[in-house]
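Notes for the one structure printed next.
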Number of protein chains: 2
Amino acid sequence: MSLIIDCHGHYTTAPPSHNRWREAQTSAFKTGEAPPPYPTISDAEIYASIEENQLRLSRERGLDVTLFSPRASAMAHHVGDAEVSLAWARANNDLIARVVGLFPDSFAGVCMLPQSPGAGLATSIAELKRCVTELGFVGCNLNPDPGGGHFQSPALTDRFWYPLYETMVALDTPAMIHVSGSCNPALHATGAYYIAADTIAFMQLLEGDLFKDFPSLRFIIPHGGGAVPYHWGRYRGLADMLKRPDIETHLMNNVFFDTCVYHQPGIDLLADVIANKNILFGSEMIGAVRGIDPKTGAFFDDTKRYIDALEISEAERAAIFETNARRVFPRLDTRLKAQGR
Amino acid sequence: MSLIIDCHGHYTTAPPSHNRWREAQTSAFKTGEAPPPYPTISDAEIYASIEENQLRLSRERGLDVTLFSPRASAMAHHVGDAEVSLAWARANNDLIARVVGLFPDSFAGVCMLPQSPGAGLATSIAELKRCVTELGFVGCNLNPDPGGGHFQSPALTDRFWYPLYETMVALDTPAMIHVSGSCNPALHATGAYYIAADTIAFMQLLEGDLFKDFPSLRFIIPHGGGAVPYHWGRYRGLADMLKRPDIETHLMNNVFFDTCVYHQPGIDLLADVIANKNILFGSEMIGAVRGIDPKTGAFFDDTKRYIDALEISEAERAAIFETNARRVFPRLDTRLKAQGR
């Protein structure tokens, strides 16, 4: 029986005082004042916020470990400036570290980065180092569009990002490519922006040669890879049209998709089209879609059910549930081994 | 045996002098001069550009009729101003009318609109009326992001678009929602921008109540609906989360997906998840992906093969190939009936 590792969880149930501080911080930014001190949050508050929510559902669904990061839609890198973003990222990452400290068997930390539109990556690099070396985190979330919905950042293959990639490689930590909330009224965050950004990221990688420069760099593209597996023929065909190498060698040693696809036919296609070595179990619960599917009577985001139903070998299922995640996140593997798992 | 109607074809092989005029037109705009007169293009040039390309492939693949519109990536509404866009749209639509005149059994016209970022819709409405009432066109392509890749236009549900919708309803012509070339270096046109825009459009419709105001308005979302069918569970779940009506009643009397999905597993999922009444056969050839799939030995964009391979009834296949298109494009139906088909 393999471990069930959910590679995609966010702290969407953080204590209210944490969120109130964010409101105070951004209000203070607008009026040019200093933000108030970060509140004292008790272990009991954090414990309850997890125990009643993610941990309860994990138990019910049979999940063992969740890679846990700050709420994606609340990263909001487009709000405030680089200093605001740094303080917010540190507060969030410190809170994740406390969750992991309280539930070391159930969570491993993944950090957000203090990105800010137009700003450089020095603080993001420093924060990644701090989270990995001091807090024991195993990866990061990288926002490819910190502007929040107009896609004005350089492509992921641009040399702008290279210093961060060098740090990721040195630390042997992957990144999930994950945008945040949308400040574009035409783009709903979880219904439009997330899925569009996932698709765009993959195409940027297809057009470029990033993994020639960084052969060990690893990205997870969440939400089942956006539209990519559904349009796999288009991407194979475009690679051919654009005289790029075959996608399998060009990208698929470095790019992984999670299983945050909320119905059986989608997961069936994912597992059919994408090599199992490139699929990491994920659910993003408690997240974008929290309801129960009237067609199945189960939660839309209980993605373990869909993987359980796949007609694949147990070795393939174990790859999706456990071994791929341990390979893509070596620091998770080290952590689990230290726990005797 | 049903007619095979391809609802999604662009004149990607227009005569070189047409494209040279566009270059001259945009150069003249930059220098503030008047554009040169539009060139004389012979019937023979148009004939050859079609006969050797779209028509040859249609014959080889067994397609009967193609809904034919100007090259999507060359609409480039973001280039120049509203006047430039109007002249370019008229030149393109007139050229489509000539193709249809030369091959009346094989093509029906779909127009581009002279949209321009920040401009109103008066010229688009006038051009749609001209194309439908004077040139006999059966539909239009509507660009939801004429800015070319930063998604700065109002959502499709915004009242900004209502005068155009009123005209569409009055003329009983649907629109394919189709962006154009990308001026955003981070967004590859056919690999990122198109698929992202399709997905975004659907979510805009899900969030809104457009079809309450326009119960007979009809949109085709191309490229298999972007990411939507693959993430059908997400969209059903988001409708629930956002307290929207069930998607089937809320959207699927008005929204249709084409079959421009370039591999069998994608088409299998589309036909599995989306009701057949909402699927219109399309190939977008000669278009984004022109090569041969080494896995099948057939063209990626020979989508008829994928439909032929579906395990569905012949009545369902006829709906996808013919009857849905005749229902969604009533003016096509009238035209075909006048031809005794």
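The values are calculated or read from the model by the stated rules, or taken from the named source; none is laboratory data. Please read these numbers as outputs of a predicted model, since none were measured by experiment. Here Cβ is always computed from backbone atoms with ideal geometry, including for glycine, and neighbour counts include all displayed protein chains. To get the accessible areas, we keep the full protein, side chains included, count just its heavy atoms, and leave off ligands, DNA and RNA. Shrake-Rupley method; radii C 1.70, N 1.55, O 1.52, S 1.80 Å.
Here are a few things to note about the model shown:
- The contact residues of segment A:131-164, meaning those that lose at least 20 Å² of 1.4 Å-probe accessible area when all protein chains sit together rather than their chain alone, are A:150, A:151, A:152.
- Computed on the Cα atoms alone, the convex hull of segment A:267-334 gives a volume of 99 cubic angstrom per residue.
- Heavy-atom accessible surface that B and A bury in contact, both chains counted, 1.4 Å, Å² to 100: 4400 Å²
- MRE, 222 nm, helices only [DSSP H, n ≥ 4, -39500 (n - 2.57), over chain A, to nearest 500]: -12000 deg cm²/dmol
- If R0 equals 51 Å, the separation of the Cβ atoms of residue B:94 and residue A:160 corresponds to a calculated FRET efficiency of about 0.70.
- Considering only B:22, B:305, B:56, the Gaussian network model of chain B with Cα springs below 10 Å gives its largest mean-square fluctuation to B:56.
- Annotation: amide H-H contacts under 5 Å for residue A:176 (H modelled 1.01 Å from N, sequence separation of 5 or more, or interchain): A:140, A:141, A:142, A:220.
- Translational diffusion of segment A:60-155, µm² s⁻¹ [Kirkwood Rh, Cα pairs; Stokes-Einstein; 37 °C; 0.692 mPa s]: 238 µm²/s
- Tensor-based shape of segment B:33-89 (alpha-carbon gyration tensor, a/c under 1.5 rounded, otherwise prolate or oblate): oblate
- log₁₀ of I(q)/I(0) at q = 0.07, 0.09, 0.13 Å⁻¹ - chain A, Debye sum with one point per alpha carbon: -0.26, -0.44, -0.97
- Between the alpha-carbon centres of segment B:219-265 and segment A:21-57 there is a gap of 37 Å.
- Shape class of segment B:195-252 from the alpha-carbon gyration tensor: oblate, with a/c at 1.5 or above and b/c at least as large as a/b.
- Probing with 1.4 Å while keeping every protein chain in the model, the per residue accessible area of the protein assembly as shown equals 35 Å².
- Prolate/oblate/rounded call for segment A:1-105, Cα gyration tensor, a/c under 1.5 rounded: prolate
- Globularity index of segment A:136-227 is 1.06 (Cα radius of gyration / 2.2 N^0.38 Å, N = number of residues).
- Diffusion coefficient, µm² s⁻¹, Stokes-Einstein with Kirkwood Rh over alpha-carbon pairs of segment A:208-326 at 37 °C and 0.692 mPa s: 217 µm²/s
- Viscosity 1.002 mPa s, 20 °C: Kirkwood-radius Stokes-Einstein D of segment A:80-216 over Cα pairs, µm²/s: 137 µm²/s
- Surface share of carbon and sulfur [accessible, 1.4 angstrom probe, percent] for the protein assembly as shown: 53 percent
- Extension gain for residue A:337 to residue A:1 (0.36 nm times residue separation, less C-alpha to C-alpha distance): 119.4 nm.
- Over the Cα atoms of the protein assembly as shown, the radius of gyration divided by the Kirkwood radius equals 0.98; this is the Rg/Rh ratio.
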